[in-house]
Structures are given as structure tokens and as C-alpha cells.
Amino acid sequence: MSTSIFHKVGTVALVAVMAAPFAANAESSFVTGTATPLTTTARVDFQIQIPKFLALQVGSAGTIDQITFTPTATELLNATAVGGTGGNLGAGAVSTRVRANNGNVSLVANSAPLTNGLGDSIDWAEVDTVSSSAALPAPVLVNGLGASVPLTANLAGGRVTDLSANWTYSFLNSTVVPVGTYTGQVTYTASMP
């Protein structure tokens with residue numbers, strides 16, 4: 001009985017080996033004659049499948065950057081806007097890049113209020129963001145989900161988006177708030193069709 005199984009398996013394997021050359025998508029040709037030069041051609045078909053992708057980077061790749069504002073007493077008294085420190089570019093700035101290959105992209109920011117752990121908060125409207133590029137504006141920061149910012153695909157006839165900018169943050173300091181260290185996080189989300 002085991003001889004019969006090996007015989008059947010061997011026959012199937014032989015048929016598969018013999019059929020394999022016919023599954024290839026290349027060709028060959030053969031010519032003979034006395035012409036000079038004697039030429040022949042063979043063709044190979046290629047196919048490259050590119051998947052849809054979307055990439056967003058705000059600040060350093062692989063880590064979350066921190067922007068810190070440390071207003072002086074004089075700046076607090078005068079309600080003077082304050083520049084930040086930190087960010088992958090320093091001075092409260094981060095590099096930003098959006099790359100996609102399926103048309104326009106929308107960008108949105110989502111955040112909870114900055115809090116000090118004692119029940120006090122600072123509204124995100126107190127943090128301003130300036131972009132170095134009109135093609136990649138920063139979403140306006142608000143408490144909760146902000147308005148979507150449309151980004152226009154700029155390459156390949158409107159199918160590919162490759163935009164970069166530097167975003168610089170500042171603390172507007174227009175409202176007096178209780179003492180404390182206020183912390184919070186903004187989540188940026190990019191989406192495309």
C-alpha cells in the first residue's frame with residue numbers, strides 16, 4: 001500500500017516539474033540562417049504593484065517631542081507672547097512632513113485642555129502655531145477635535161502629496177491662570193480617500 005502512495009506522489013511531482021516551464025511569463029526564440037547579422041529577440045513582462053500609503057511626521061521620527069513654555073513674571077504681567085523651547089528643531093519648532101499617493105490629504109488636530117492636576121486648565125487657543133509653508137498649514141489648536149485642514153496633492157497630476165514645513169509654537173499668554181505646571185498632548189491625524 002505504501003508503494004502505491006509513493007507511486008502516485010511521484011507521478012504528481014513529475015507532472016508538476018514538467019509543467020513548471022510553461023508557467024513562466026518569458027519567451028524564447030530561435031533563428032537560423034545565413035543573414036548578417038543574425039538576430040533574435042525575447043521579451044519579459046514586468047508588473048509593479050504600488051500599495052496606497054499615507055505618512056505623517058510631526059517632529060522627531062520615533063519619539064514624541066516636547067515643547068516647553070516658561071514665561072517670566074514680567075511676561076505674565078504684560079501678557080506678552082512667549083516662544084517655546086524644545087522640538088526637534090529647537091526654539092519650540094518641529095519639522096513636519098506629509099507624504100501620500102492617493103490624492104489630497106486632510107489634517108486635523110485633537111487635544112484635551114492643558115491641565116495642572118489641580119483642576120485648572122489652559123485653553124489650547126493660547127497656543128499658536130505658525131507654519132513655514134502655506135502648502136502645509138498647521139491645524140488651529142482647540143480643546144477637542146479641531147477643524148480639518150485640506151492639503152492639496154502637489155505631484156503626479158494631483159495624485160501624490162509630498163509636503164514639508166517647520167511649525168513653530170508660541171504661548172499667547174493672554175489670560176491669567178493659576179500657578180502650576182500645565183501639561184497636555186496634541187494628536188495630529190492625516191487622512192486621504
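The values are calculated or read from the model by the stated rules, or taken from the named source; none is laboratory data. Bear in mind that the values here come from a model prediction, so they are computed numbers and not experimental data. Virtual Cβ from ideal backbone geometry, glycine too; neighbours counted across all protein chains shown. Accessible surface is based on the protein model in full, side chains and every heavy atom, while ligands, DNA and RNA are left aside. Shrake-Rupley method; radii C 1.70, N 1.55, O 1.52, S 1.80 Å.
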(request) Among what's in region 43-59 and is open to solvent by less than 50 Å² (accessible area, probe 1.4 Å) and aliphatic (A, V, I, L, M), pick the residue that is nearest to VAL160 (Cα to Cα). (result) ALA55
(request) Can you confirm whether region 85-93 contains a residue that is within 19 Å of VAL130 (Cβ to Cβ), polar (S, T, N, Q) and not in a strand (DSSP E or B)? (result) yes
(request) Examine region 60-67 for a residue that is among the acidic types (Asp, Glu), open to solvent by less than 60 Å² (accessible area, probe 1.4 Å) and either at pLDDT 95 or above or at negative phi (or both), and state whether such a residue exists. (result) yes
(request) Would you check which residues across region 144-164 are touching a Pro at 6+ places or on another chain (Cβ under 8 Å) and part of a strand (DSSP E or B) and list them? (result) VAL149
(request) Output the residues belonging to region 165-178 that are part of a loop (DSSP other than H, G, I, E, B), open to solvent by 30 Å² or more (accessible area, probe 1.4 Å) and under 16 Å from VAL82 (Cβ atoms). (result) LEU172, SER174, THR175, VAL176, VAL177
(request) Kindly indicate whether ALA125 is within 16 Å of TYR169 (Cβ to Cβ), crowded, with 19+ Cβ neighbours inside 10 Å and either modelled with pLDDT of 95 or more or out of contact with any Phe, Trp or Tyr (no Cβ under 9 Å at 6 or more places or on another chain) (or both). (result) no
(request) Keeping to region 69-84, report how many residues are touching a Gly at 6+ places or on another chain (Cβ under 6 Å), open to solvent by 50 Å² or more (accessible area, probe 1.4 Å) and either closer than 23 Å to SER164 by Cα or part of a helix (DSSP H, G or I) (or both). (result) 1
(request) Please enumerate the residues belonging to region 86-122 that are of a type in the set (Gly, Ala, Ser), farther than 25 Å from MET192 by Cβ and surrounded by 16 or more Cβ atoms within 10 Å (Cβ to Cβ). (result) GLY86, GLY87, GLY92, ALA93, SER121
